[in-house]
1. Work out how far the C-alpha atoms of the range 274-314 reach from end to end along every principal axis, then list the three figures in whole Å, largest first.
2. Mean projection of the alpha-carbon convex hull of the range 87-168 over all orientations, in nm²?
3. R0 = 25 Å: FRET efficiency of Ala127 with Thr105, Cβ-based, nearest 0.05?
4. Cα convex hull of the range 130-268: how many Å³ per residue?
5. Given H placed 1.01 Å from N in the peptide plane, which residues other than close sequence neighbours of Glu182 have an amide H under 5 Å from its amide H?
6. Pop out the ³J(HN,Hα) list for the range 38-46 in order, Karplus 6.51 cos²θ - 1.76 cosθ + 1.60 with θ = phi - 60°, rounded to Hz; leave Gly and Pro as x.
7. Extension gain Ala178-Glu434, at 0.36 nm per residue separation less the Cα-Cα distance, in nm?
8. Just going by the charge dipole of the range 37-134, with Lys and Arg at +1 and Asp and Glu at -1 on Cβ, which of Ala123, Leu75, Pro107 is farthest out on the positive end?
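Read the figures in this text as sums done on the coordinates, not as results from a lab. The shown structure was predicted, so the numbers you read here are calculated from the model rather than taken from an experiment. Using ideal geometry, Cβ is built from the backbone for each residue, glycine included, and neighbour counts are taken over all protein chains shown.
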Amino acid sequence: MSVGSTQQSGHSQRSTGREPNHPLAAQGLIVLLSLLVVWLAGSSGPGHVLDNNATDAFFRWFPATQADRHSISTLLAIDEETLSRHGGVRQLRSIVAHALEAMATHPPKVLAVDLTLADVGDAAEDARLAKALAAIPFVVLGAEIRSDAQQWEQPAPVLVSRNASIGHVHAAPDPMDAVCREIPLEKAVGSSRYWALSLEAYRLWRAEPYLLETPTSLLVGSTEIPARRDSGRLLRIRYLPPAREGALSSIRRISVADLLAHPERVRDLANGVVFLGVTAPSAARDRLMTPFSYGRSMQGVEIHANAFETIASGRFLRPVRSGMLLLGGLLLAGFVWWGFALFNDWRAYATAAVALLSALLLPPAAFVQSNLASATVLVGSAWLPFLGLAAHRYWFIDRKLRRATRETENYRNAIHYVTHEMRTPLTAIQGSSELISRYRLGEEKQKQIATMIHSESKRLGRLIQVFLDVERLSAGQMELRREPVAVDALIALCLDRARPLADGKQMRLVAATTNLPDAPVSHALTLLGDHELLEHALYNLVTNAIKYSPVETTVRVSAAVADNWLRLAVADEGMGLDAEEQKAVFRKFYRTQSAEQSGEHGTGIGLSIVEQIVSAHQGRIELQSTPGAGSTFTLVLPLAPANTRSTGAKRS
């Protein structure tokens, strides 16, 4: 077999083992599984939290314009200063009555009272409060469901006049993180149902006698409020951002204490909508977190004022329909898949980058348009398929690249090996053939040269076979031949082959039997393995020892037995190796600096092949070396079983 045929065989093997460039089925499966994971995550608790956190960030990134910051309503706050100046919580009804009396000259159009005035108090005080409430054109009194969830806690009947209606004061903090992003526009216990305080305030402000219900919305005049019946009529609040440092929103705020101290300020409340409630942290029960809280809580009355502003502005946040959301996710994932299916290079990643960037931009873009799109679904629909396809692409291409690199390296090693090992017989054949062609030689001399050419050509054939065997062994494509190999015959054969090289440097080759502290070599010692490969390994060590040793030195080949292992050592008196060189000497193509400087030709592949041969025989190679004092390479190989040794000795 020639080297050319080996190369062709390698090409044939590579071509038949090539995998498809576009594994569309595997890529499609990755995309579908990724989408399934994303959609499950989007409907899970963690996905819900991620979506809410993203929406909260959008509130802060895209605050309302200056026009939107101007609130229609006013928060009349019973704060700490009010309580401290006017008798505390015990005097709450008196404080409310006093404030309403101050507004009598310039009353607001709608007053929403976020207080549960359920208990009957002092008759004179209740009568005073009822009279003050009756002076306001429209009043909404607060009601709430009791803790037992069995009945309503409603305002005392004495306070409910013909101009008063009732609205519930409940909010809907998210159970996952306790942030209030929504309020229920209706609450019911049994047959009793009330609309939210903010919704009733808006209805009265618009002077609408009633509101209409549909399964998906509530209609107050021409205003359609998106609030689905099947979701409990929840309204997503578009909070007004803080207008100044320390505030929680830009709702206009007036303290009751300030109003009573400066009665002229009632003009600011005339014909408007006023939300009256307790904001003092020591007395307010309903303090909740909002997207603008930054660690501080907001009282329920201000939350309802923000809900009123959301309804009044008509800038409702509408969730994107599930069908549209899933379609968007499919398009994003499909675009990523299309890029990887179409391209095998950087263009696949460039195409996917369009989808990845779009997935990041779509949720905030939807928010700017007053739509709530699940960031978990949209971002995940692009990024998770991308990561899956990129990982598959990396693994797929990397495996092919490793295989191609390994095959290329094997082929390059083969060329180096052929060049390195076949130079000597080729030189002999070329020189001998030149003698025959240029000179008239006698018949005897021609016969000698022809015999030598025949011998060297056979040697060249053996070298090629050894090369092929080593290549197949390293690739795991060949079973190692197992035949008895007589150790003494192996040593003698290698020394005879290397003797002309040693004679050229006036060196001695010695077959020693006592240089190791074990039993001497016996004629019956036999290895079980491939004779040609073992011969090649030992011959390589001997010729290396000759090449890298000074003239007129000695190379010793010795063998000894230790625990049923043969230790076949080649010792020289050459340049030696330092510690770092000893670690790297068996690496392919590695040559020491001293070897480079010696002028000897070499590729650095010989010792690597020796190590492969020894490893294939379940052995190992050991090295002891001292710079300037020589090196000893020892092949440690298992001896053949006793019943095969005599056969090996006879064959030798």
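1. 34, 24, 10
2. Spelled out: convex hull of the Cα atoms, projected over all directions, averaged, 5.6 nm².
3. Efficiency computed from Cβ-Cβ geometry: 0.75.
4. 174
5. For Glu182, whose amide H was placed from the backbone, the distant partners under 5 Å are Ala172, Ile237.
6. After applying 6.51 cos²θ - 1.76 cosθ + 1.60, I find 5, 5, 5, 5, x, 9, 8, x, x Hz.
7. Full extension from Ala178 to Glu434 adds 82.4 nm.
8. Checked the options; the winner is Pro107.
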